[in-house]
Every structure is written in structure tokens, then in C-alpha cells.
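The block underneath contains the structure these notes are about, expressed in C-alpha cells.
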Amino acid sequence: MEPFVYQPISTRVIFGRGAVGRIKDEAERLGARRALVLSTPGRGEALARQVAGLLGERSAGIHAGAVMHTPVEATERALKVVMDRSADAVIAVGGGSTTGLGKAIALRTDLPQIVLPTTYAGSEVTPVLGETQGGVKTTQKSPKILPEVVIYDVDLTMELPVPVAATSGMNAIAHAVEALYAKDGNPIASLMGGHRRIRSCPAAARGGPAQIEPRSEALYGAWLCGQVLGMVGMALHHKLCHVLGGAFDLPHAQTHSVLLPHSAAYNAPAAREAMARAARGLGADDAPKALFDLAGRLGAKRSLRELGMPEGGIERAVETTMAAPYWNPRPLDPVAIRNLLVRAWNGEPPDSGP
Ligand code: NAD
């Protein structure tokens, strides 16, 4: 057996329908007297109000100012609210954008965090924060970033629109796939990443918004996928998503969904065992092709062009990727990465090679 290092994620996880009702007890357990509830504007704000209502006198109100890719300007605005209201904890109710804001605040203040995820991004169980400044998204790891408590309540996800659920599920699968070939991988991460339940993440989209069971399964799958993301380092696929998200403000989960078949195909020759395992998890023979077909069946966009990336941006993306690369099982070849991006931009199937 290969030697390995295993560092469990220490976040307290509460999973179950109606678990949002435990929010006040959990805040009390953390010693929070004035928790600021975070969300994105719009529908997320209504969920935040619901949570603030449950907190009662332990609420410091809501701040619906989370923005995708965690721009530092949004964090600075939120920090002012934290100070003005003397908040002593943050509660993120929403997807990865809201979780990201809570993490950015915690990194700077060390305030405790509770997260109530409403997508399958998985950020809630990672000590990783990606922040954007001047069109560049950089990630960092710190124990301060890891949330103390996560409450998974399927009721909070029931209004997640079907197309968002689909690509968010693909985002979750991306964590699992990259964990299978990670440099610092371990058997527990592989068990979770290869778990058949990862299939259930995008399957939730098919169940439709009225289906409690598929969405519960998806939430459980998202937790597994988030855990592996938190445990091991990510490679080319996540690097490309960060580069494109930061440079062109592309929607995060949809970018994962478009790129994953291509980055899996790029790495397949150098990670055959991992790809075979991913294929088994997906119930298919060829993982890159299965991922491309799955995105198609879910009705997700399959080209970067449709996401709004300018074709002229491909060169810049290659340069930024090569300038600060992540470790990757297959050496980074700028010509091959350009080809990968051209195929993804056009919406062509992944190049599985000879
Ligand atoms: P998101 O949080 O922006 O949510 C997507 C959209 O869905 C938003 O418009 C949001 O308002 C809406 N929405 C969310 N939940 C809803 C619900 N229950 N009902 C109705 N609408 C709902 O997107 P995301 O894909 O979850 O997160 C993307 C962000 O998360 C990116 O910034 C990414 O970098 C970050 N992320 C970080 C990590 C990490 O470990 N650091 C992991 C994954 C993602």
C-alpha cells in the first residue's frame, strides 16, 4: 500500500430536514451573542431573513452583499457592517459565494462561522478561500477559514432552480474527480471521491424542485465532494476555473461544468486508475465522455463561448495558468492547454486522444 497523510476536516456537521431549526442552539454553543447573517441579494436574502428570525435576540441582522468570486471590495463592505453592528459570529446562508464572504471575514477577524449551504459547491467544509482582486483570483488555505459548523437542511435547497442545481452538481463532481488523482491523495479521499453518491449531485436536477429525496442525496453527495476538496490539493481543472472566473467573471459552477470533461481528458493519460474509478462512480466506461454527456443530458451549457468568454481571452488564460501553475498529474503543456480551451470554447467533445 502507498504511504499517505490523512488530516480529517474538523467541522461539526448537522444534516437533516428541518435542521435549520437548530441554528439558535448552535450559535449559543459557539458563544455567539450577535451573529451577522450573510447572503447574496435576491432569493438568498429571504432565506437569510428566515434564519435571522430563528436566531431572535442572537441576530445582528442580515447583510445580503455576497458576490461571486469573493471580490475584496465586497469583503471590505461586509467588514464595515461587522464592525458597525459589533457582530461576534457570521452565519452564511447560501451557495459558495455567500460561504466565501463568511470565510473572508473569518480570515480577517477570526470570528466563528456557521454555514447553511443552499447549493452543492462544497466550500463549507474546506479551509480554502478564493478571492478576486484586479481580475486575478488567488486561493489560500488557513485553519481560520474553515467554518466551525455546517447545517445541511434540504428545505433550504428546494427552490434552487433546476439549471443551477445541475451545474452546481457538476462543480461537486469536479472536486471528486481531482481528488482521485491528487498529489496528496489518500484512501479516505478516494473512497469519498469515488463514492456512487457523487452521481446524485447533478441527479438532483432531474428530480425537480419538488423532490425531497433526490435533493437530500445531492446535498449528501455535495458534502462528500466538499470534504475531499478540503483534504487534498486540486490540479489543472480547478486552476483553469479560477483563472477564467477571475479574468472574465464567468459563472463558477457553469465554468466547472464546461471544463471538467476537457480537463479530465487532459489528465486521463497520466491518471488511468483515477479515471477508471471516476468512471465507475459515474456508472460509465469513459469518465471524460460520461461527463460531457451528463452535462448535455442536464441541459447545461457546454461551451465557454455561451458563458460569455471572449475567444481572444484564450491566450491570456493559457499564460495566466502557466505563470502560476498548480501541481498536475500530467505536465502542463501550453499548446495542449490552448487546444483544451479551444475545444471547450467551441463546445466540442473532450479530446480523449488516440
Ligand atoms: P452562488 O453561491 O453564487 O449561487 C448561485 C446562484 O444561485 C446565486 O444567484 C444564488 O443567489 C442562487 N441560489 C443559491 N442558493 C439558492 C436557493 N436555495 N434558492 C434559490 N437560489 C439560490 O454559486 P455557487 O456555485 O454555489 O458558488 C460559487 C462560488 O463559490 C465561487 O466564488 C467559488 O469560487 C466559490 N467556491 C469556493 C470553494 C472553496 O472551497 N473555497 C468551493 C466551491 C466554490
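All of the numbers you see were taken from the coordinates with simple rules; none came from a lab. Everything numeric in this text was worked out from a predicted model, so none of it was measured. Cβ atoms come from the backbone with ideal geometry, glycine included; neighbour counts cover every protein chain shown.
State which helices in the chain qualify, where a helix is a whole DSSP H run, it must extend 20 Å or more along its own axis by its Cα atoms, and its mean Kyte-Doolittle hydropathy must be at least 1.0.
On the way: long enough: 162-180 (28 Å, 1.05); 212-231 (29 Å, 0.36); 252-267 (21 Å, -0.29).
Those that pass (Cα extent of 20 Å or more, hydropathy at least 1.0) are 162-180.
Rank-order 48-57, 149-158 by packing density, defined as the average count of other C-beta atoms within 10 Å over each peptide's residues, highest first.
Peptide ranking by packing, descending: 149-158, 48-57.
With unit charges on the beta carbons (Lys and Arg positive, Asp and Glu negative) and the dipole taken about the Cα centre of the chain, which residue among Trp345, Ser39, His237 sits farthest to the positive side?
In the chain, that residue is Ser39.
Taking the mean number of other Cβ atoms within 10 Å as a proxy for protection, how do you rank 323-330, 93-100 from highest to lowest?
Values: 323-330: 15.1, 93-100: 29.4.
The most tightly packed comes first, giving 93-100, 323-330.
If the only charges are +1 at each Lys and Arg Cβ and -1 at each Asp and Glu Cβ, what is the size of the charge dipole of the chain around the Cα centre, to the nearest 20 debye?
Charge dipole of the chain: 280 debye, to the nearest 20.
Could you tell me whether the chain comes out rounded, prolate or oblate from its Cα gyration tensor? Rule is a ≥ b ≥ c as square roots of the eigenvalues, rounded for a/c under 1.5, then prolate if a/b exceeds b/c, otherwise oblate.
On the way: a/c = 1.70, a/b = 1.52, b/c = 1.12.
Because a/c hits 1.5 or more and a/b exceeds b/c, the chain counts as prolate.
Let me spell out the model: positive unit charges on the Cβ of Lys and Arg, negative unit charges on the Cβ of Asp and Glu, origin at the Cα centre of segment 12-157. What dipole size does that give, in debye rounded to 20? If you can, show how the numbers build up before the last one.
Working: 18 positive and 15 negative charges, 13 e Å.
Around 60 debye, computed over segment 12-157.
Positive end of the charge dipole of the chain (Lys, Arg +1 and Asp, Glu -1 on Cβ, about the Cα centre): tell me which of Ser257, Thr98, Val318 has its Cα farthest that way.
Ranked along the dipole, the leading option is Thr98.
Any chance you could check the Cα centroid distance between segment 314-354 and segment 152-181 for me, in angstrom?
24 Å
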